[in-house]
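As C-alpha cells, the structure follows; a few thoughts come after it.
The values are calculated or read from the model by the stated rules, or taken from the named source; none is laboratory data. Model, not experiment: these values are computed from the prediction. Here the Cβ is made from the backbone with ideal geometry for all residues, glycine too, and neighbour counts use every protein chain on show.
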C-alpha cells in the first residue's frame, strides 16, 4: 500500500535534508524574493514610493500618539450621533404608517368575524412585533451600516487594530482579535466564525469567548432607542441628542474595556499562555466608492439582518401574545413567569418583564424590546407606540427611570449571546463548555453591573422606580 | 478541542471546498490580502460578497459560478496569503486547495501598485501548477499613482498570461474571462519560467523528485513536493498521504488499478 | 539582481552575498529592527528567530538584504509599522527584535 512506501520516501527526504531544513527553507525564500525583485525591476517602470506620502500623512494623524485614541472615540460617537439624529424622523414616519395599517387590518378581521384569538395572534402578536422591529431597526441600520462600511472600505479598521494592539498583547490576546471584535459589531455569530483567522487555539478561544462584548446590530437599536428616550430627552434638543450619542459610545467603550479585562483574566486563569506571532498589514487608504458602499451595505447587511429579525420576530410575537393572553389561575402565563423573575429583576434594578424579554429574546436580540413592550401592553396599558415619546410613556408608566434604562442598556451589552451565536460557538469549538462559558461570563458581569448601578444610584438619592 | 486542525484539515477540505459535481471548470482565486481579490470575485460572479479594506476577512471560501463562451466555471475564493509555505491557517487552506483541490485554473490576483511583494505568491503558485493566470488588479490606482507596468515584459518574465484589470470599474474582466477559459480548455498553455535554486537544493530536490514520481502517479507535481519535503513542511505529508489514500479508495481508481494489474 | 543560481552558501553568508552585490557587514553597527527609529532605514542582516516565527518573518519578505523603513509606532508604543517590500506591516516588539538590521 502507498502508505508505507510514501512514509519511506518521506523518511528519506528527512534524512536527505537532515538538520539543513531551516537553511534550505531560508535559501528558497531568499531566491523567491530575489526573483520577484528582479522581475519587478524589469516590468515596473516607475517605483511606487510616492504613493505612501498621502497614507503616511493620514496615518500620522489617525495613529498619532496624541490624536489616535480621541479620533477613534470621536468617530464612534459621531457615527452614533448621526444614527440617532437621522433615524428618529423616519422611524416615527414608518411607525405611523405601520400602525395605521394595523388599524385597517383589525377592521378587516372584525368585518370578517374572525375570532378574537386569531386577531390577537396575527395582528396584535405577529404584525405588531414585526412592524415595530422594522420601524425601529430599519432607519438606524440604514445609517449605521453604510457609515461603518465606509470606514471599513477606507482602510480605517486595521488602524484601529494598530492602535489597540498593545492592549490585546497585554491581555494575552491576539492582535487580530481587534478585527473579529469589529466584525462582532455587525453580528456576533459572524465575529465568532471570523475568529478562524486566529491560528493559535488558545487565542482563538479568547476571541470567541469575548466577541459578545461587541454589541451587535441586533442590540444597537435597543441601546439607541433607550438612550434616545431617557438620556436624550426624546431627542428634541441638540444637547439631548449629543448626550444620547455619548451614552451609546460609553456603553460600547465599556464593552471594549470589559473585553480586554475578560481576555486578560482568561489568559491568566483557564486559558494560560503567551501571545503568538502577530503581523498586521496596514493597507493603503482607498477612497471608498460611496454610492456602491451605501447600496451594498443596505442590500447586504441591512436587508439581511432585517430579514433575520423579521423571521424571528413574527413567531416570537405570536408566542408572546399567547403567553400574555392565556390565563392560568386568573393570571396570564407572562404574569406567572415575570412573577418568578421579579425578585431577581428588582434586586439588580431591572424587573421581571425585562428579564423575561431577554430570555424570550434568545433567538435574536432584535426582538427584546418589542417583546418587552408587548408584555407591558398586555397588562392593559397604552395601545399605540408610534413615537419615542409614546414608547417612553409606556416605559415610565411601568416604573422606569433613567436608572432602569441604563441598566437595561448595560444588560443588553452584558448578557448571554443570541442563540445563533451560541450555536456557532458550539460548532467552532465542538464542546458545550465554551458556549456555556460564553453565556455565563457576560451574564454574571451584567447582573453585577446592574446591581452596582442600582446601589450607586440609591446612594446618590436617585428615585428608583417600582 | 477540535479547534486545531479540523477547521482547515483535509476532511473539511473535502466537504467544504471541493465543488460538488463536475459540471464545468474549477477556478481557484488566490492573492495577497488587500489585492482586491474579493472585488475580482464579485465582479466575475456577480455575487455580492462584502469587500472590506482589511486583511484576513475572507475566512470562509466563498464560491460562485459564472459562464463564459458556453462553459461554466466555479470560482473558489481562497483566503488572502503572502505565501504558500503554510505557516498559517490561511496559507495552509490556500495551499491545500491549489494542490489537492486540483483546480483547472488558478488565478492569482496581484496589486499593480505593489508588484514586487505580490509576485512572491505568483512564483510559489507556479511551482505547484502551470495553469496559472495573473490578474494584475488595481490598474486604476496604479495609473493614479503614475506607476507604469510593462505587461508583456511581465508576462514574458513569468511565462504566464497576465491580464491587467481594474475590477472595481469592471475594466479588463471580459479579457480575464477569455484567458481563464483558454487556459481551462487547454487552448492556452502557460509555461511558467522555472525557479532555480542553488546547486545543493537542486540536486537534493532532483533526487527526491525521482523517488516520489511513481508514488505520486502524476497526481501531484513531484518537484514541488520534493522541495516542500526538503524544507521540512510536515503539514503537507499528512495531506499527501490522505490525498493518495483517498484516491486509492475511489472505486474508479480501484477499477483502473485492476485493469493495470490484469 | 538575479537569482543566486547555483552557488553554495554557507548559512552565515546568505545575508552578505545574496543578489550578487558585495555588501560589507560591520558587526558593530548591527542593531535589531525593534530599535530602528521611526523614519530610519535598515537592511536585514539575519533573523535570530527559529521555527515558525522565522518562517513567517521570511514570508513577509524579511530576507537578508531587504531594506526596511521604520514608519511609525502605535500610539501605545507597540507595535511598530514597517515598510517592507512595498507594504506597511506592523510587527510587535517580540518579533521585530529578532530581526537584525544594519542601519542605512
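Listing for the model above:
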| read-out | value |
| --- | --- |
| Number of positions in the stretch A:231-286 that are without any contact (Cβ under 8 Å) to a residue 40 or more places away in the chain, farther than 30 Å from residue C:94 by Cα and within 25 Å of the chain's Cα centre (by Cα) | 4 |
| Unmet requirement for residue B:180, which otherwise passes all of (1) closer than 22 Å to residue C:63 by Cα; (2) buried (at least 17 other Cβ atoms within 10 Å of the Cβ) | (1) |
| Hits in the stretch B:146-164 (condition: surrounded by fewer than 19 Cβ atoms within 10 Å (Cβ to Cβ) and facing chain A (nearest Cβ under 7 Å)) | B:146, B:148, B:150, B:153 |
| Boolean, residue A:147 is closer than 20 Å to residue A:70 by Cβ, assigned by TED's automatic domain parsing to the domain that holds residue A:109, modelled with pLDDT of 80 or more and assigned to a helix (DSSP H, G or I) | yes |
| Selection status of residue A:153, in the same structural domain as residue A:312 (by TED's automatic domain parsing) and in contact with a helix residue (DSSP H, G or I) (Cβ under 9 Å, 6 or more places away or on another chain) | yes |
| Some residue of the stretch A:158-177 being under 29 Å from residue A:354 (Cβ atoms), touching a residue at least 60 places away in the same chain (Cβ under 8 Å) and in the same structural domain as residue A:445 (by TED's automatic domain parsing) | no |
| Of all residues in the stretch A:114-144 being within 16 Å of residue A:224 (Cα to Cα) and more than 18 Å from the chain's Cα centre (by Cα), the one that is modelled with the highest pLDDT | A:135 |
| Enumeration of residues in the stretch A:27-54 that are within 47 Å of the chain's Cα centre (by Cα), farther than 15 Å from residue B:124 by Cβ and either modelled with pLDDT under 60 or surrounded by 17 or more Cβ atoms within 10 Å (Cβ to Cβ) (or both) | A:40, A:43, A:44, A:47, A:48, A:49, A:50, A:51, A:52 |
| Residues of the stretch B:206-233 satisfying the condition of being assigned to a helix (DSSP H, G or I), under 16 Å from residue B:84 (Cα atoms) and either more than 20 Å from the chain's Cα centre (by Cα) or in the same structural domain as residue B:98 (by TED's automatic domain parsing) (or both) | B:230 |
| Given (1) closer than 16 Å to residue B:96 by Cα; (2) touching a residue at least 12 places away in the same chain (Cβ under 8 Å), index of the condition residue B:195 fails | (1) |
| Failed condition for residue A:90, given (1) surrounded by fewer than 19 Cβ atoms within 10 Å (Cβ to Cβ); (2) touching a residue at least 12 places away in the same chain (Cβ under 8 Å); (3) within 10 Å of another protein chain (Cβ to nearest Cβ) | (3) |
| Every residue from the stretch C:57-97 that is within 7 Å of another protein chain (Cβ to nearest Cβ) and without any contact (Cβ under 8 Å) to a residue 12 or more places away in the chain | C:58, C:59, C:75, C:76, C:77, C:81, C:86, C:87 |
| Residue in the stretch A:37-53 that is out of contact with any helix residue (DSSP H, G or I) (no Cβ under 9 Å at 6 or more places or on another chain), on the phi < 0 side of the Ramachandran plot and away from chain B (no Cβ under 14 Å) present | no |
| Residues of the stretch C:44-61 satisfying the condition of being touching a helix residue (DSSP H, G or I) at 6+ places or on another chain (Cβ under 8 Å) and over 18 Å from residue B:233 (Cα atoms) | C:44, C:45, C:46, C:47, C:61 |
| When residues of the stretch C:72-85 are limited to those that are modelled with pLDDT under 90 and surrounded by fewer than 22 Cβ atoms within 10 Å (Cβ to Cβ), the one nearest to the chain's Cα centre (by Cα) | C:78 |
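Residue-wise test of (1) modelled with pLDDT of 90 or more; (2) assigned to a helix (DSSP H, G or I); (3) crowded, with 17+ Cβ neighbours inside 10 Å; (4) not assigned by TED's automatic domain parsing to the domain that holds residue A:164.
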| position | (1), (2), (3), (4) |
| --- | --- |
| A:244 | no, yes, yes, no |
| A:247 | yes, yes, yes, no |
| A:262 | yes, yes, yes, no |
| A:277 | no, no, yes, no |
| A:284 | no, no, yes, no |
| A:288 | no, no, yes, no |
| A:301 | no, yes, yes, no |
